[in-house]
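Q: Could you have a look at this structure, given as structure tokens, before my questions?
The values are calculated or read from the model by the stated rules, or taken from the named source; none is laboratory data. Just so it is clear, the model here is predicted, and its values are computed rather than measured. Methodologically, a virtual Cβ is constructed for each residue, glycine included, from the backbone with ideal geometry; neighbour enumeration extends over all protein chains shown.
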Amino acid sequence: MIVFLIGYMGSGKSLVGGQLAKILNYNFCDFDAYIEHKENASIQEIFNNKGEIYFRKAEKLYLEEIINLNNTVISLGGGTPCFGNNMAMILEAKNSATVYLKTGIPILVERLFKERSKRPLIAHLESKDELSRYIGKHLFERSFFYEQAPLSVKTDNRSANEITKAIVLQLGEMSFKLRSS
């Protein structure tokens, strides 16, 4: 099985993905790190030197490379499901589960404000109010894609361990439903 974690940047996909992979005894793939390795450049360098259009095309190509891995948890980039036919590819992947880590705007603002210099899409924002408006607009645009995930876990005021356990529980319920039908 492959487990895709989707959600907005700062929702905890990488942290939770690593923990989930350990519990399931799966491999773990941080998709941004995978892209950086393939491109031999950081996400920020790719955005700065080649632009977002290049990045999104490369992202689709690399998603096609990893879409059918077995026994792997993949933490996707926040925008990955929202471009081209990426979400359809994710949802149609064989023997897979997609989980949306749903995080509220206030939590995202607190997490992202201090690390915005490392994130090309928000590096230019100078106040928490600007960041909050930006995230709100983005979440409004992206929620159409995120909400297509068959599984969803609210992350606000929950530790990474609690989120991971909630995902394991949902995966178990999903597996049971598949066996029963």
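Q: Out of all the residues in the range 108-126, which are in contact (Cβ under 8 Å) with a residue 24 or more places away in the chain, surrounded by fewer than 18 Cβ atoms within 10 Å (Cβ to Cβ) and assigned to a helix (DSSP H, G or I)?
A: Of everything in the range 108-126, those that are in contact (Cβ under 8 Å) with a residue 24 or more places away in the chain, surrounded by fewer than 18 Cβ atoms within 10 Å (Cβ to Cβ) and assigned to a helix (DSSP H, G or I) turn out to be Arg111, Lys118.
Q: Taking the range 34-50 as the region of interest, how many residues are surrounded by fewer than 16 Cβ atoms within 10 Å (Cβ to Cβ) and farther than 17 Å from Leu121 by Cα?
A: 3
Q: Within the group Asn85, Asn70, which residue is at pLDDT 95 or above and either in contact with a Ser or Thr (Cβ under 7 Å, 6 or more places away or on another chain) or at negative phi (or both)? Write out each step before concluding.
A: Numbers: Asn70 fails: at pLDDT 95 or above.
So the residue among Asn85, Asn70 that is at pLDDT 95 or above and either in contact with a Ser or Thr (Cβ under 7 Å, 6 or more places away or on another chain) or at negative phi (or both) is Asn85.
Q: State yes or no: is Leu169 assigned to a helix (DSSP H, G or I), touching a strand residue (DSSP E or B) at 6+ places or on another chain (Cβ under 7 Å) and surrounded by fewer than 19 Cβ atoms within 10 Å (Cβ to Cβ)? Lay out the reasoning, then the answer.
A: Details: assigned to a helix (DSSP H, G or I): yes; touching a strand residue (DSSP E or B) at 6+ places or on another chain (Cβ under 7 Å): no; surrounded by fewer than 19 Cβ atoms within 10 Å (Cβ to Cβ): yes.
For Leu169, the condition - assigned to a helix (DSSP H, G or I), touching a strand residue (DSSP E or B) at 6+ places or on another chain (Cβ under 7 Å) and surrounded by fewer than 19 Cβ atoms within 10 Å (Cβ to Cβ) - is not met.
Q: Which of the residues spanning the range 19-49 are within 18 Å of the chain's Cα centre (by Cα) and acidic (Asp, Glu)?
A: Asp30, Asp32, Glu36
Q: Among the numbered conditions (1) more than 17 Å from the chain's Cα centre (by Cα); (2) loosely packed, with under 13 Cβ neighbours inside 10 Å, tell me where Arg158 comes up short.
A: All conditions pass for Arg158, except number (2).
Q: I've got another one for you. Got at least one residue in the range 112-123 being modelled with pLDDT of 95 or more and among the small types (Gly, Ala, Ser)?
A: no
Q: Continuing with this model, one more query. Step by step: first the residues of the range 79-90, then only those that are of a type in the set (Gly, Ala, Ser) and in contact with an Asp or Glu (Cβ under 9 Å, 6 or more places away or on another chain), then the one that is nearest to Ile167 (Cα to Cα). Which residue is that? Steps first, answer last, please.
A: Initially, the range 79-90 is screened for residues of a type in the set (Gly, Ala, Ser), giving 79, 84, 88.
Subsequent filtering for residues that are in contact with an Asp or Glu (Cβ under 9 Å, 6 or more places away or on another chain) retains 79, 84.
On the way: Gly79: 21, Gly84: 27 Å.
It comes out as Gly79.
Q: Filter the range 128-144 down to the residues that are under 26 Å from Glu45 (Cβ atoms) and either exposed (fewer than 14 other Cβ atoms within 10 Å of the Cβ) or aromatic (Phe, Trp, Tyr) (or both) and list them by number.
A: Those that are under 26 Å from Glu45 (Cβ atoms) and either exposed (fewer than 14 other Cβ atoms within 10 Å of the Cβ) or aromatic (Phe, Trp, Tyr) (or both): Tyr134, Lys137, Glu141.
Q: What is the number of the single condition among (1) surrounded by 19 or more Cβ atoms within 10 Å (Cβ to Cβ); (2) within 21 Å of Lys165 (Cα to Cα) that Gly104 does not meet?
A: Failing condition for Gly104: (1).
Q: Now for a different question. With the structure loaded, tell me whether Ile167 is of a type in the set (A, V, I, L, M), under 17 Å from Asp30 (Cβ atoms) and touching a residue at least 40 places away in the same chain (Cβ under 8 Å) or whether it fails that test.
A: Yes, satisfied.
Q: Moving to a separate point now. Of all residues in the range 154-181, which are of a type in the set (S, T, N, Q) and at pLDDT below 80?
A: Within the range 154-181, the first condition is being of a type in the set (S, T, N, Q), and the residues that meet it are 155, 157, 159, 161, 164, 170, 175, 180-181.
Matches in the range 154-181: Ser175, Ser180, Ser181.
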